[in-house]
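> So that we are looking at the same thing, I have put the structure below in structure tokens.
Throughout, read-outs are computed from the coordinates displayed, never taken from laboratory work. Fair warning: this is a prediction, and the values are worked out from it, not measured in the lab. Please note: Cβ atoms are built from the backbone with ideal geometry, for glycine as well, and neighbour counts cover all protein chains shown.
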Amino acid sequence: MLSIIQAAGWPIWPLIACSILGLALIIERFVALKAAKVAPPKLLDEAIAVSRQGVPTPDVVNQLEANSAMGEILASGMRAINSNPRCSEEELRNAMEGAGRRVTAKLERYLPAIATIASAAPLLGLLGTVIGMIEIFGAQGGGVGGGSSNPAQLAHGISIALYNTAFGLIVAIPALIFWRYFRARVDGFLLTLELAADKMARHLLALRG
């Protein structure tokens, strides 16, 4: 591996940095976007059951908020009713939408960075290719003066061009795949959270009477 890095020249280092950063972000998103941390399957039903006889106490609401992203949205509706039992439907939904925007920002965190790596890695690979081509042309004798070519420099230029092109694609392709996967996963979660928020809002309005 070290010999490949040496053969690829200095242009490979930005690509290595992108690969390490991309891997770290992908692992972080896998951990953060688990269903248990975003939208536990039974949480909505449990929250409705707990509040069937009335809005829970602030301690229970705080526990719900800390449970998951869905819990944060559901708790915002309960907190709005607790702070103002006669709040209008618009005020209740606005409070839940505000929590929803905060949750959306958390779910989409680092996705732009992964997309940037997917877009930038091929360009960095192309930069290495261009530098390799410069090395190749530099190896072609003394130009007009007619000097002989330098085989070692020619081989080095070819290795820079090929290794950087390949490594740029090796970094970009997984980054693009995982970005699309996480993007679809976040969109699915957002739909689930929106439906849960609507159901909880209707439940709280009926509970208020």
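> Could you go through region 65-82 in sequence order and give the Karplus-derived ³J(HN,Hα) for each residue, using 6.51 cos²θ - 1.76 cosθ + 1.60 with θ = phi - 60°, rounded to whole Hz, and x for Gly and Pro?
Along region 65-82, the couplings run 4, 7, 5, 5, 5, 4, x, 5, 5, 5, 5, 5, x, 5, 5, 5, 5, 4 Hz.
> Sticking with this structure for a sec: On a 0 to 90° scale, report how tilted helix 151-208 is relative to the longest principal axis of the chain, with both axes built from alpha carbons and the result rounded to the nearest 10.
10
> Hey, in the GNM for the chain with a 10 angstrom Cα cutoff, which one of LEU169, LEU25, LEU191 fluctuates hardest?
With Cα springs under 10 Å in the chain, the top fluctuation among LEU169, LEU25, LEU191 is at LEU191.
> Just to compare against my own numbers: the Cα pair-distance distribution for the chain, 5 Å bins, whole % per bin, please.
Distribution as computed: 1, 7, 13, 12, 10, 8, 7, 7, 6, 6, 5, 4, 4, 3, 2, 2, 1, 1, 0 percent.
> I want to check the label-to-label distance for LEU127 and ILE170. Put each point 7 Å from Cα in the C-beta direction and report it in nm to one decimal.
Placing both labels 7 Å beyond Cα along the Cβ direction yields 1.9 nm.
> For region 20-36, take each phi angle, set θ = phi - 60°, evaluate the Karplus expression 6.51 cos²θ - 1.76 cosθ + 1.60, and give the result in whole Hz per residue in order, putting x for glycine and proline.
5, 4, x, 4, 4, 5, 5, 4, 4, 5, 4, 6, 6, 9, 5, 4, 5
> 222 nm [θ] for the chain, helices only, -39500 (n - 2.57) per DSSP H run of 4+, per residue, to 500? Kindly include the intermediate steps, with their values, before the conclusion.
Values: 9 runs with 170 residues, N = 209.
The helix-only estimate for the chain comes to -28000 deg cm²/dmol at 222 nm.
> Averaging sequence separations of C-alpha pairs under 8 Å and six or more residues apart, then dividing by the length of the chain, give the relative contact order as a whole percent.
30
> Compute a Gaussian network model of the chain, connecting alpha carbons closer than 10 Å, and tell me which residue from ARG185, ARG101, ARG79 fluctuates the most.
Checking each option, the largest mean-square fluctuation is seen for ARG101.
> Need the list of lysines near LYS34 for cross-linking: C-alpha distance under 20 angstrom, and skip anything on the same chain fewer than eight residues off.
In chain and number order, the partners are LYS42, LYS106.
> Continuing with the same structure: Taking the Cβ of each residue in VAL60, VAL55 as the centre, tally the other Cβ atoms inside 10 Å and list the residues starting with the fewest.
Arranged by neighbour count, lowest to highest, VAL60, VAL55 become VAL60, VAL55.
> Then there's this: What does the charge add up to near ALA115, with Lys and Arg as +1, Asp and Glu as -1, over the other residues with Cβ less than 11 Å from its Cβ?
Once all neighbours under 11 Å are counted, the net charge is +1.
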